[in-house]
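Some notes on the structure that comes next.
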């Protein structure tokens, strides 16, 4: 029987570390796993394991099971991204709400020291193989993978003003390195 761990390790390599407790040492209902590989050479990945044990509301009367994934450059390491992911995943459980494509989490100040990133953008995992986007377990509902992409304060504001579709069009046109730890953000002339 294939599990969500099998699905993740198939693309991201073996689990090399993990976190399952909060800063006070209390066991959480999910884990954050660190994987040896990311979707691009020279990257690693983090993913939730156990978030999908809960059906989360989509806001339209439907629910979905999902896991979250983040990618980092190996030379940067995961920094405090495991704690960020843990907070985001626990917020989903607390609110009983899924993160949908185009959602913005934040801005809430720099994600890590010296970072331009102040928010997360929820995207389909386009840097990953298509087969990664949806896991169909032997029993139970499918599990959707949501990619958390660090974004700048300006990008968060742009998405709020112009919409996620416009933002993704800009990403496609400008083709920035979404895995760079020092990316300046998409360049869009300001207008109302």
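Remarks
- Share of Cα-Cα pairs in the chain lying beyond 27 Å, as whole percent: 25 percent
- Hypothetical label at residue 157: residues of the range 168-189 whose amide nitrogen lies under 15 Å (7 Å Cα-Cβ projection): 185-189
- Placing dummy labels 7 Å off each Cα toward the beta-carbon, the span from residue 83 to residue 26 is 1.7 nm.
- Entry note, the chain: the mean residue ellipticity at 222 nm calculated from DSSP H runs of n ≥ 4, each adding -39500 (n - 2.57), is -7000 deg cm²/dmol after division by the residues and rounding to the nearest 500.
- Cα-Cα P(r), the range 8-83, percent of pairs per 5 Å interval: 3, 15, 23, 20, 17, 12, 7, 2, 0
- Peptides ranked, highest mean first, by Cβ atoms within 10 Å: ranges 85-94, 137-146: 85-94, 137-146
- Computed from the alpha carbon atoms alone, the convex hull of the range 47-122 holds 92 Å³ per residue.
- Between residue 16 and residue 175, the FRET efficiency estimated from the beta carbon spacing at R0 = 25 angstrom works out to 0.25.
- Peptide ranges 151-157, 41-47 listed from the most packed, as the mean C-beta count within 10 angstrom indicates: 151-157, 41-47
- 15 Å cut-off, amide nitrogen to a point 7 angstrom out along residue 138 Cα→Cβ, residues in the range 1-19: 1-7
All of the numbers you see were taken from the coordinates with simple rules; none came from a lab. Here the structure is a predicted model, which is why all the values come from computation and not from measurement. Note that we place each Cβ from the backbone using ideal geometry, even for glycine, and neighbour counts take in every protein chain shown.
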